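Enquirer: First the structure, which I've put down as structure tokens, then a few questions once you've had a look.
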Amino acid sequence: MIEERSLISKFYNGFNVILIIAITLLCILPVWYTLVVSLSDRAAVAAGNVFLFPKGFTFSSYETIISDSQFLRSFLISVQRVIYGTIITFIVVLLMAYPLSKTSKEFKHRNIIMWLLIFCMLFNGGIVPWFMTMKSLGLINSIWGLVLGGGLPVFNVILVMNFFRNLPKEMEESALIDGAGPWRILFGIFLPLSTPVIATILVFTIVGHWNEFFQALMIMTKNENYPLQSYIRQVTVTLDPSKVDAETAKRLTSLSNQTLNAAKIFISMLPLLVIYPFFQKYFVKGITLGSVKG
């Protein structure tokens with residue numbers, strides 16, 4: 001293969017490099033700026049002197065947030081929600097996507113169920129019917145209300161279904177000839193070949209459960225049952241004046257709403273920043289292969 005060395009080709013390659021660098025900076029700089037603000041003194045932030053590096057370096061914002069006993073509890077509730085929700089969503093999506101990947105001849109009611117899923121994805125009954133359903137099922141003030149409230153993401157079902165439909169049909173036919181049943185085919189053949197799309201729906205599910213805050217505001221009547229995002233949304237620093245010592249007073253003088261909010265935001269996004277690189281190599285492939293067929 002002969003590489004083209006024309007002026008237009010060089011200009012095009014250079015433009016692509018500059019564009020990619022610019023997009024990368026646009027993604028990284030907001031996260032970095034949030035961290036820098038959270039580590040800066042409130043006076044420097046209020047004066048607009050903070051940009052790329054902290055001014056008046058301090059951990060006061062993080063100390064204030066973590067010192068709240070509710071913070072750790074909310075963090076653990078979010079972790080619990082992500083674990084339960086990911087497991088349940090994975091099982092439900094897998095068991096629904098496999099039969100829907102068949103043709104209408106193989107699965108008689110396939111088209112009817114697909115139309116119902118698409119309808120539910122595009123339209124919903126609204127907040128009030130959802131709340132009434134949660135209440136009638138006894139899921140108020142329960143972690144299961146957060147887990148089951150959105151336990152079947154239709155978009156994920158469509159991704160996995162289309163991925164299964166792209167797998168060679170001959171493998172399933174050979175397994176049927178050898179006497180394998182549907183469960184054996186699903187867990188012995190389809191599942192091991194579906195690493196990209198599985199990683200993709202795991203990322204979607206984890207991010208969805210971790211970042212979601214509104215459901216908890218609707219079904220949790222006690223603050224101690226809030227997950228992390230709901231807690232961060234309304235957390236306030238409340239201190240008993242009679243118990244404020246010199247060290248606490250010194251820490252509060254370096255705080256402002258802007259630095260405190262930046263610390264909240266950074267803490268909430270940190271777990272996702274840590275786990276995403278482990279799934280990233282499967283992410284694009286899973287979405288691409290899962291969206292070929294309708």
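The values are calculated or read from the model by the stated rules, or taken from the named source; none is laboratory data. Fair warning: this is a prediction, and the values are worked out from it, not measured in the lab. Positions of Cβ are backbone-derived with ideal geometry, glycine not excepted, and every protein chain shown enters the neighbour counts. To get the accessible areas, we keep the full protein, side chains included, count just its heavy atoms, and leave off ligands, DNA and RNA. Shrake-Rupley method; radii C 1.70, N 1.55, O 1.52, S 1.80 Å.
Enquirer: Mind listing the Cα extents of region 50-125 along all three principal axes, in Å, largest one first?
Expert: Principal extents (Cα only, largest first): 69, 30, 25 Å.
Enquirer: Just to confirm a number: summing +1 for Lys and Arg and -1 for Asp and Glu over residues other than LYS102 whose beta-carbon lies under 12 angstrom from that of LYS102, what do you get?
Expert: Residues close to LYS102 contribute a combined charge of +3.
Enquirer: Where the accessible area of region 68-289 is counted over protein heavy atoms with a 1.4 Å probe, how much of it, in %, is carbon and sulfur?
Expert: In region 68-289, the share of accessible area belonging to carbon and sulfur is 67 percent.
Enquirer: In region 10-51, what percent of the accessible surface is made up of carbon and sulfur (1.4 Å probe, ligands and nucleic acids excluded)? Show your work: numbers first, answer last.
Expert: Details: 2240 of 2890 Å².
Answer for region 10-51: carbon and sulfur cover 78 percent of the accessible area.
Enquirer: Here's a follow-up. Set the Förster radius R0 to 25 Å, insert the Cβ-Cβ distance between TRP115 and LEU272 as r into 1/(1 + (r/R0)^6), and round the FRET efficiency to 0.05.
Expert: With R0 = 25 Å, the Cβ-Cβ based efficiency is 0.15.
Enquirer: Could I ask something else about it? Quick check on region 88-212: what are the equivalent-ellipsoid semi-axes from the Cα gyration tensor, as sqrt(5λ), descending, whole Å?
Expert: Equivalent ellipsoid of region 88-212: 31, 17, 13 Å, largest first.
Enquirer: If r is the Cβ-Cβ distance from ASN261 to MET132 and R0 is 35 Å, what FRET efficiency results, to the nearest 0.05?
Expert: About 0.55, to the nearest 0.05.
Enquirer: Let me ask another. At 7 Å along Cα-to-Cβ for each site, give me the label-to-label distance between SER174 and ASN124 in nm.
Expert: Distance between the two pseudo-spin positions: 4.3 nm.
Enquirer: Same structure, new question: With a 1.4 Å probe and every protein chain left in place, work out the accessible area per residue of region 68-289 in Å², rounded to a whole number.
Expert: Accessible area per residue, region 68-289: 57 Å².
Enquirer: Then there's this: Could you work out the helix-only [θ] at 222 nm for the chain, with each DSSP H run of four or more residues adding -39,500 (n - 2.57) and the total divided by the number of residues, to the nearest 500 deg cm²/dmol? Please report the intermediate quantities before stating the final value.
Expert: Working: 15 runs with 202 residues, N = 294.
For the chain, the value works out to -22000 deg cm²/dmol.
Enquirer: Same structure, new question: Which residues make up the longest stretch of the chain that has no trypsin sites (Lys or Arg not before Pro) in a DSSP loop with at most 14 other Cβ atoms within 10 Å? Provide the component values of the computation, followed by the final result.
Expert: Details: sites that count: ARG5, LYS105, LYS108, LYS222, LYS293.
Result for the longest clean stretch: 109-221.
Enquirer: What Rg and what Dmax come out for the chain when only alpha-carbon atoms are used, in angstroms?
Expert: 24.9, 79
Enquirer: In whole Hz and in residue order, list the ³J(HN,Hα) couplings for region 171-185 that follow from phi through the Karplus curve 6.51 cos²θ - 1.76 cosθ + 1.60, θ = phi - 60°; x for Gly and Pro.
Expert: Along region 171-185, the couplings run 5, 5, 5, 5, 5, 5, 5, 7, x, 6, x, x, 5, 5, 5 Hz.
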